1. Any residue in the range 289-310 that is of a type outside the set (A, V, I, L, M) sitting within a Cβ distance under 8 Å of a residue that is not in a helix (DSSP H, G or I)? List the pairs, counting only those 6 or more apart or interchain.
2. Taking the criterion of being modelled with pLDDT under 85, farther than 12 Å from Asp34 by Cα, out of contact with any strand residue (DSSP E or B) (no Cβ under 7 Å at 6 or more places or on another chain) and of a type outside the set (Asp, Glu), would at least one residue in the range 101-119 satisfy it?
3. Just checking, does the range 250-258 include any residue being closer than 27 Å to Ile24 by Cβ and either buried (at least 17 other Cβ atoms within 10 Å of the Cβ) or in contact with a strand residue (DSSP E or B) (Cβ under 9 Å, 6 or more places away or on another chain) (or both)?
4. Given Gly371, Gly364, which one is of a type outside the set (Asp, Glu), farther than 24 Å from Leu127 by Cα, over 15 Å from the mean Cα position of the chain (by Cα) and crowded, with 21+ Cβ neighbours inside 10 Å?
5. In the range 232-256, how many residues are over 24 Å from Ala150 (Cα atoms) and either touching a Ser or Thr at 6+ places or on another chain (Cβ under 9 Å) or in a helix (DSSP H, G or I) (or both)?
6. Would you call Ala279 assigned to a helix (DSSP H, G or I), farther than 29 Å from Glu168 by Cα and at pLDDT below 95?
7. Can you tell me which of Gly371, Gly378 is on the phi > 0 side of the Ramachandran plot and not aromatic (Phe, Trp, Tyr)?
8. Could you tell me which residue of the range 187-216 is nearest to Leu42 (Cα to Cα), considering only residues that are surrounded by fewer than 22 Cβ atoms within 10 Å (Cβ to Cβ) and at pLDDT 80 or above?
Amino acid sequence: MDRAIALEPTIGSIAQSARRTITIATIAFLTLIDLFAAQAILPALAQAYDVSSAVMGLAVNACTFGMALASIATALASARIERRRGIVLSLCMLAIPTYLLGLAPDIATFSILRVLQGLCMAAAFSLTLAYLGENCASHAASGAFAAYIAGNVASNLFGRLASAFLVEHLGLRGNFIALALFNLLGAAFVLATIRAARAPAINYTLGEGFAGIRANLRRPEQRASYFIGFCILFAFIGVFTFVNFILARPPIALDAGAIGLVYLIFVPSLVTTPLAGRAADMFGARRSILAALGLAIAGLPLLLTTYLPLILSGLALIGVGTFVAQAVTSGFVTTSARDNRGAASGLYLASYFAGGLAGAALLGPVFDRFGWGACVGGVSLALVAAGLATRRLR
């Protein structure tokens, strides 16, 4: 019997539904583990390359630039790419720059390799979202997207924990070798667990790709979704990049291993994010996103204290809120697209990752010049803007 699955919902089969959820979450975990793993070791990287926190934060988040570019490229060429083959190839190629990061001689080389990582990660991410939109029935799609974002949460948590542990015991080079092995494991897992999707459209032209992008951009609710995605990662990067430096400095002064353990605050998100699909089905996308953003905003004042338990509580609230908002928004984008779902998911991810790059580029200098309070203020503006944009969602 073929052990691979096509991820279609099976009525009355709890075991198959659980298997599908675990499969989707695992693919997301192995695809995105590189994205945030380096953030747990930002102080060590800044020391190794002898650069400021703003420069190192921008270099680590340079992958979001590559992810935005790859998302647009995938949106244009999505119909010509067989999903399973494209995901596997992307993950195999991802292992190359991941390994080379351990050998990067300077900050410029490090940044270029992070961009290359982003290109590969986003291609796999975009194709997986398109696959889910095409192969899950509408009543199961919200849960499938929530499962994928739950895997993203797991990559945030365990990627950071693993990276902090590996750097402490094996050094920077050993850390990136281990992450490269995770990339190859992801490719093998995709081969073993999902079936080939529909055949690619051989006669598909670049003009049709641009037409698909224009069709999605003409819809107000799609444009609003892309902006919400931009603001979500802008805020997330602004908090979880620069808080590492606050945790490493007096009066808190945690070492690298302890900073890695801080990210156990993502454990609640592992529980809440899979429920995002159910919330969207019950209350609608707009209300669910607003509630999630409100929760994240409520956590921001706690970050301005010097009492570690309060800071951890604030980080936990922000994690839960932003991950739920992302899960609901990404599901809304793909399921509400009447056609050109590959273009819709590509545009959303391009906007999402552009928000991450903007968060690092704009809030880094703010953090260095005006301090942590000003950085948190910038994050709050982004979350409020995302909430206002939900008025355009149906």
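1. Thr306/Pro251; Thr306/Ile252
2. Within the range 101-119, none of the residues are modelled with pLDDT under 85, farther than 12 Å from Asp34 by Cα, out of contact with any strand residue (DSSP E or B) (no Cβ under 7 Å at 6 or more places or on another chain) and of a type outside the set (Asp, Glu).
3. So the first thing to find is which residues in the range 250-258 are closer than 27 Å to Ile24 by Cβ, and the list is none.
Checked the range 250-258: no residue is closer than 27 Å to Ile24 by Cβ and either buried (at least 17 other Cβ atoms within 10 Å of the Cβ) or in contact with a strand residue (DSSP E or B) (Cβ under 9 Å, 6 or more places away or on another chain) (or both).
4. Values: Gly371 fails: crowded, with 21+ Cβ neighbours inside 10 Å.
Of the residues listed, the single one that is of a type outside the set (Asp, Glu), farther than 24 Å from Leu127 by Cα, over 15 Å from the mean Cα position of the chain (by Cα) and crowded, with 21+ Cβ neighbours inside 10 Å is Gly364.
5. Final tally of qualifying residues: 7.
6. Working: assigned to a helix (DSSP H, G or I): yes; farther than 29 Å from Glu168 by Cα: yes; at pLDDT below 95: yes.
Yes.
7. Numbers: Gly378 fails: on the phi > 0 side of the Ramachandran plot.
When all the criteria are applied, what remains is Gly371.
8. Out of the qualifying residues, it is Ala187.
The values are calculated or read from the model by the stated rules, or taken from the named source; none is laboratory data. Note that this is a predicted model, so its numbers are computed, not measured. No Cβ is skipped: glycine too gets one built from the backbone with ideal geometry, and neighbour counts run over all protein chains shown.
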